[in-house]
Amino acid sequence: MAHFLKETDFAPHQASEVFALAQSFKKGRGRHTPPSLKGQTWAMIFSKSSTRTRVSFDVGIHELGGHPIFLNKNDIQLGRGESVYDTANVLSRFVHGLIVRTFEHRELEELSELGSIPVINALTDFLHPCQTYTDAFSMTERWSDGTNHLESLKGKKMAYFGDTANNIANSWILGAAMFGMELVLAGPEGYEPGDDIKKVLAESGYAPTYSFTKDPEAAACDADVLYTDTWVSMGQEEESADRIEAMKPYSVTSDLMRLGKADALFMHDLPAYKGMEVQEDVLYGSQSIIFDQAENRLHTQKAIMAVLAQGVRA
């Protein structure tokens, strides 16, 4: 049974198929979308609040001809102590696929191991692969000729600022290695990538293509993309004062943007906090593609589901 828990769960040819499908779905939206999920019901278990992830998956399942069921973890027995084993087996008898947004990555892995339906990672504290694929697709819209999506990513430099040990940074460590990109992570001491993501990368078979620096200007120099994320993720609110103080030098400003290439893109997975990780004039400036990223969650996730649905039982 195929799952999408991390970037490297798809081989390069499958990632290429995802990007091609996303392009087709985006171009043909409102006219014709193949009903890849026709007759299927997909469940969404969310332990964390969400705007883009929930809406894009809900709409995407509908547009692929399927039916979504939203399950707040606190409203089902899993949130009251039922075992993951029981939940995975029961849901496998009811639905055709499972989309999970939760805190612990291990819980997601257990649901995929114990059930018999495809599972998609809609975010954990460790990884956010749907965002990484969406980001990559959003880049290829500007760099690709429309046929060789992965080739257009090779050799590009991404500079990532702030908390370089969070789920987006971890996901881009895997994504950059898979796509052949250079990733420079710029953040304060104590927030560099951890051993857990290094282990996953080593097990994936891809060579590391990232480096870490405490110098934001060095990271930004000649970058094709400048990327940042919130400094305080859900569940880290008690650390907010320390995090904000440590990461102030890594705010993406217009001066930092000027160190990148003239046509460099600014990217953020949202929600963004203006005046903290990014200046407002950068967030909404001419180089920003944040709303393209948000829109492309729909098209990319539809493509991911369509690829996984090829192996789903009737």
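Here, each number is a calculation from the coordinates, and none is a lab measurement. In this text, all values refer to a predicted model and were calculated from it rather than measured experimentally. Please note: Cβ atoms are built from the backbone with ideal geometry, for glycine as well, and neighbour counts cover all protein chains shown.
For Arg80, Arg52, which order do you get if you count the other beta carbons within 10 Å of each Cβ and list the fewest first?
Details: Arg80 9, Arg52 19.
Taking fewest neighbouring Cβ atoms as first place, the list is Arg80, Arg52.
Distance between the pseudo-spin-label points of Arg258 and Ala218 (7 Å out from Cα toward the beta carbon): 2.2 nm. At R0 = 22 Å, how high is the FRET efficiency between Glu192 and Arg106 if r is their beta carbon distance? Nearest 0.05 is fine. Computed FRET efficiency for Glu192 and Arg106 comes out at 0.45. Going by neighbour counts of Cβ atoms within 10 Å, the residues Phe291, Phe103 line up, fewest first, as Phe291, Phe103. Full extension of the chain between Asn72 and Gln310 yields a length gain of 83.0 nm, computed as 0.36 nm times the residue separation minus the alpha carbon distance.
When the alpha carbon coordinates of the stretch 131-293 are projected onto the principal axes, the ranges are 46, 39, 27 Å, largest first.
Which percentage, to the nearest 5, of the DSSP beta bridges contained in the chain is antiparallel? Don't jump to the answer; show the numbers that get you there.
Numbers: 0 of 35 bridges.
Just about 0 percent of them are antiparallel.
Available extension along the chain between Lys199 and Glu113 is 29.0 nm, counting 0.36 nm per residue and deducting the alpha carbon span. The residue among Thr213, Ser112, Leu127 whose Cα reaches farthest toward the positive pole of the charge dipole of the chain, with charges on the beta-carbon of Lys, Arg, Asp and Glu, is Ser112.
Highest average first, the peptides 10-20, 107-117, 191-201 ordered by how many other beta carbon atoms sit within 10 Å of their residues are 107-117, 10-20, 191-201.
How much mean residue ellipticity at 222 nm does the chain get from its helices, if each DSSP H run of length 4 or more adds -39500 (n - 2.57) and you divide by all residues, to the nearest 500 deg cm²/dmol? Provide the component values of the computation, followed by the final result.
Numbers: 12 runs with 129 residues, N = 314.
After summing the helix terms and dividing by the residues of the chain, the value is -12500 deg cm²/dmol.
Full extension from Tyr85 to His62: what is 0.36 nm times the residue separation minus their Cα-Cα distance, to one decimal in nm?
Numbers: separation 23, 0.36 × 23 = 8.28 nm, distance 2.83 nm.
Full extension of this stretch gives 5.4 nm more.
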